[in-house]
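A.B. asks: Just dropping this structure here.
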């Protein structure tokens, strides 16, 4: 009989599945399962292996199906800029162990700043992953974003801030992230990347003691900027949105105390 073999028993004959057929079925199932597992896994050890968003600026908000138009304003929740799980994967942290604290700043008419948002991403380890206290672990990185009434005001404030930051740095240099100008400022305890992008200034602060770093600060900070800028773009007024940019580099902050986590740089 095709596909089956006859096995003799004490009570007569019985049919059993062909062993070759079973082996093939198992092999095929194992191959499909392995493919599915590999497709669903990402590298969670440092920044490598996690793709940087490359979608056009005008489409970056459309991906949020069912949420309606994205408001032309800075996000009030930093999760909208980078999900804690993605931040955790970039720094090789335990799933569910990273939290983000969002702090809204106030306008500053003297410099034509209309909004400010500060984000602090923290690693909480296994305890936080299983219900422990949040916003209490070591800082992974901080981000301060200032929005201005026009691009000229944003650029002017960015230049003032970066000039002030250079004065107290152990080293600093101009860089670009794609086409976005920035300044990288190094200090013994942290590295800062300050950028000006359209009507926004962005200040990234990476502590030397941040856990899970596998790249240098000069590599990590531009990578973070490339991931966050596409989420920020659709929140800017259409007339102020810069041409979508490609990879590497970034700009600096401002003297003072940040609203989130007492960051040195302000925006």
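Each value in this text was obtained by applying a stated rule to the coordinates, not by laboratory testing. Treat the numbers as computed from the prediction; the structure is a model and nothing was measured. Because the Cβ atoms are built from the backbone with ideal geometry, glycine has one as well, and the counts that use them run over all protein chains shown.
A.B. asks: Starting from the Cα-Cα distance between residue 208 and residue 86, subtract it from 0.36 nm times their residue separation and give me the gain in nm to one decimal.
C.D. replies: Fully extending the segment from residue 208 to residue 86 adds 41.9 nm.
A.B. asks: Using a Förster distance of 30 angstrom, determine the FRET efficiency expected from the C-beta separation of residue 152 and residue 79, and round it to 0.05.
C.D. replies: My answer for the efficiency is 0.45.
A.B. asks: Shifting gears a bit: Between residue 166 and residue 179, how many nm apart are label points set 7 Å from Cα along the C-beta direction?
C.D. replies: Label-label distance for residue 166 and residue 179, simple model: 2.4 nm.
A.B. asks: OK, next. Could you list the residues of segment 138-159 with an amide nitrogen less than 19 Å from a label point located 7 Å from the Cα of residue 108 in the Cα-to-C-beta direction?
C.D. replies: 142-159
A.B. asks: From Cα pairs below 8 angstrom and at least 6 apart in sequence, can you work out the relative contact order of segment 57-240, rounded to a whole percent?
C.D. replies: 22
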